[in-house]
Amino acid sequence: MRLARQWVVGILIVSASLLAQTSAPPSAVNPPASSAVEATDNAAANPATLGLIEVFTDTMGVDFGPYLNKEVLPRVKQNWYALIPESASWKKGRVVLEFSILKDGGVAGLKVVGSSGDAAMDRPAFGSITGSNPFPPLPREFNGPYVGLSLRYYYNVAAPSLPLASIAQDIRKKLHENLSKDNNANTDLEHDVAALTKLLDAGSLDSADDAAARYFRASAQTRLNAFHNKDGLTTDKTVNEQYLSDLDHIIAGKTDVTGWGITIPIPENNELPEKSRRHRLMQYT
């Protein structure tokens, strides 16, 4: 896999062109529901860890790793720990936030996209961003109006497998980029599929990571099928059966994979036919 990686205290920096920067980010900053739980100055000594921080807008070729590592993550982490109440020291949960940093360092569009279901965990995560606002200005070499970020917070639960996160990063990047000039894209995706299969066969992933691995394997396979069709090649029947089996497994399991940025839009009464449910699932990456 040729994609460069940066690791800082278990944090993966992801630079991917998933969304075009043609419009301004939302200006509203909407906090989670109010709670009677008060933040304390003495953060509880609990295994709270930051997970993935993902750049989901066009980086325009700029390496945001140094900026995020030096100017963003240390502030966020310090403010988060200072806000965690003692009552959250024994709770388990995950919070996913999305927000944008403007050219001047201001924060816009902050929202909770994956709630823990408990304000005692949601509010400290939210406050870690509002308390860090404004951040230092974006790198001078970046000519865009803002950079969109997604950040995950974990309370007493393990962050996603880093090898799995790295593979997911590469697949996401290839799903949303023009690969016509990438001569290695086909080979890279085949390697990603093989690596995901190895992780799944090992049987050591928890239910959320297992579902995510199957989702990204199916996503990579759809991209590979597109390459094969373009070249006039016939797709392997066994491979297609595995791809469909992965989707059926995810739908049947109803596992919460919002921490991976995956939404499963399946009606509760399950009235959609199987083929339609698979199609709707693959619309969300």
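The values are calculated or read from the model by the stated rules, or taken from the named source; none is laboratory data. Here the structure is a predicted model, which means the values were calculated and not measured. Using ideal geometry, Cβ is built from the backbone for each residue, glycine included, and neighbour counts are taken over all protein chains shown.
Residue-by-condition table, conditions (1) hydrophobic (A, V, I, L, M, F, W, C); (2) modelled with pLDDT of 85 or more:
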{"residue": "ARG2", "(1), (2)": "no, no"}
{"residue": "VAL14", "(1), (2)": "yes, no"}
{"residue": "SER23", "(1), (2)": "no, no"}
{"residue": "ALA28", "(1), (2)": "yes, no"}
{"residue": "GLU38", "(1), (2)": "no, no"}
{"residue": "ASN46", "(1), (2)": "no, no"}
{"residue": "GLY61", "(1), (2)": "no, no"}
{"residue": "GLU71", "(1), (2)": "no, yes"}
{"residue": "PRO74", "(1), (2)": "no, yes"}
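Give all pairs with beta carbons closer than 7 Å in which a residue from segment 210-227 that is closer than 15 Å to LYS173 by Cα meets a residue that is at pLDDT 90 or above and hydroxyl-bearing (Ser, Thr, Tyr); count only pairs at least 6 apart in sequence or on separate chains.
Qualifying pairs under 7 Å: ARG217/THR197.
Among the listed residues SER100, SER89, SER34, which satisfies the condition of being in the same structural domain as LEU138 (by TED's automatic domain parsing), of a type in the set (Ser, Thr, Tyr) and modelled with pLDDT under 70?
SER34
Quick one: which of GLY93, GLY117, GLY61 is touching a residue at least 12 places away in the same chain (Cβ under 8 Å) and surrounded by fewer than 17 Cβ atoms within 10 Å (Cβ to Cβ)?
GLY117
Any residue at all in segment 174-191 that is at negative phi, in a helix (DSSP H, G or I), of a type in the set (A, V, I, L, M) and at pLDDT 85 or above?
yes
Tell me, please, whether a residue that is modelled with pLDDT of 85 or more and surrounded by fewer than 18 Cβ atoms within 10 Å (Cβ to Cβ) can be found in segment 145-166.
If we filter segment 145-166 for residues that are modelled with pLDDT of 85 or more, which is where we start, we get 145-155.
Keeping just the survivors that are surrounded by fewer than 18 Cβ atoms within 10 Å (Cβ to Cβ) gives 145.
The answer is yes, given that some residue of segment 145-166 is modelled with pLDDT of 85 or more and surrounded by fewer than 18 Cβ atoms within 10 Å (Cβ to Cβ).
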